[in-house]
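Presented below is the structure to which this report refers.
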Amino acid sequence: MEGKLATQFAKKPALYWIGIGKTDFLYKANEEYRKLLDKKGHRYEYYENEDGHIWKNWRIYLTEFTPRLFR
């Protein structure tokens, strides 16, 4: 995974965005992933809400994420 991260961040992404719900079954893995990003000094934007791994969140995430693409 660290090799993939090095490749991704070598390209200097303008935006690296992560969104997840607190009750998502992937929350713990996401927490570990963010710790790795922090340890490596990779910058990212993070959005967290109360819900789980549900379709409603995709709408929320797109509403939060999409405007950042055009800054």
* Would you be able to say whether some residue in region 39-59 is among the hydrophobic types (A, V, I, L, M, F, W, C), out of contact with any His (no Cβ under 9 Å at 6 or more places or on another chain) and modelled with pLDDT of 95 or more? => no
* Given the structure, is Leu26 at pLDDT 90 or above and aliphatic (A, V, I, L, M)? -> yes
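The values are calculated or read from the model by the stated rules, or taken from the named source; none is laboratory data. Keep in mind it's a predicted model, so treat the numbers as computed, not measured. All Cβ positions, even for glycine, are placed from backbone atoms using ideal geometry, and neighbour counts span all protein chains on display.
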